[in-house]
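The values are calculated or read from the model by the stated rules, or taken from the named source; none is laboratory data. Predicted model, so just to flag it, every value in this text is computed and none were measured. Quick reminder, even Gly has a Cβ in these numbers, built from the backbone with ideal geometry, and neighbours come from all protein chains shown.
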Amino acid sequence: MTRNQLDFIFNKFKIMRIIIAIGLGGACGSVLRYLVAGWVQGLSRSTNFPVGTLSVNIIGSLVIGILAGYSENIGVFGPATRAFLLIGLLGGFTTFSTFAYETMAMTRDAQFLSAFMNIGLQVITGLFAAWLGYRLHLLMR
């Protein structure tokens with residue numbers, strides 16, 4: 001085999017490893033989201049406001065801030081681990097489509113105050129949690 005052929009095979013293997021890591025992380029994150037969001041929603045006793053979705057999005061935003069900070073500034077994760085955690089696990093754990101659907105359903109049902117609260121809380125707390133997580137990684141290193 002030539003050097004070019006070996007490089008081609010190695011690069012394909014590297015890409016497949018990352019794709020598999022993302023898929024496994026996404027599967028784990030989705031199941032975790034289902035469990036955590038359902039548990040939190042059950043604790044809240046609220047049927048009108050999606051506290052479960054809000055909670056997983058805030059938790060996911062905080063964790064992605066921490067992990068991205070470590071990954072970018074310290075380089076503790078390799079490409080496959082970073083893909084598993086940030087793209088797969090946290091991508092599956094947090095959910096924009098559920099947030100969009102729940103907000104649309106609230107507006108459809110004329111629950112406009114709840115819909116606007118959901119939009120504000122999801123966006124503001126999500127961004128704040130990501131910022132806080134990133135800042136926390138600086139304190140923890």
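Remarks
- Within segment 120-136, being within 24 Å of VAL31 (Cα to Cα) and not hydroxyl-bearing (Ser, Thr, Tyr) holds for LEU121, GLN122, VAL123, GLY126, LEU127, ALA129, ALA130, GLY133.
- Flag if LEU35 is aliphatic (A, V, I, L, M) and surrounded by fewer than 13 Cβ atoms within 10 Å (Cβ to Cβ): yes
- Filter result for LEU54 (surrounded by 14 or more Cβ atoms within 10 Å (Cβ to Cβ) and either at pLDDT 95 or above or within 25 Å of LEU136 (Cα to Cα) (or both)): yes
- Looking at VAL40, VAL63, VAL31, just one residue is over 13 Å from the mean Cα position of the chain (by Cα) and either β-branched (Val, Ile, Thr) or within 25 Å of ILE15 (Cα to Cα) (or both), and that residue is VAL40.
- Criterion (touching a Ser or Thr at 6+ places or on another chain (Cβ under 9 Å), farther than 26 Å from ALA27 by Cα and not small (Gly, Ala, Ser)) met by exactly one of ASN57, ASN48, ASN73: ASN48
- Tally, over segment 115-136, of residues that are farther than 30 Å from ILE19 by Cα, in contact (Cβ under 8 Å) with a residue 40 or more places away in the chain and buried (at least 18 other Cβ atoms within 10 Å of the Cβ): 1
- When segment 21-50 is limited to residues that are at pLDDT 95 or above and among the β-branched types (Val, Ile, Thr), the one that is nearest to SER114 (Cα to Cα) turns out to be VAL40.
- The requirement of being over 19 Å from the mean Cα position of the chain (by Cα) and crowded, with 20+ Cβ neighbours inside 10 Å is satisfied by MET106.
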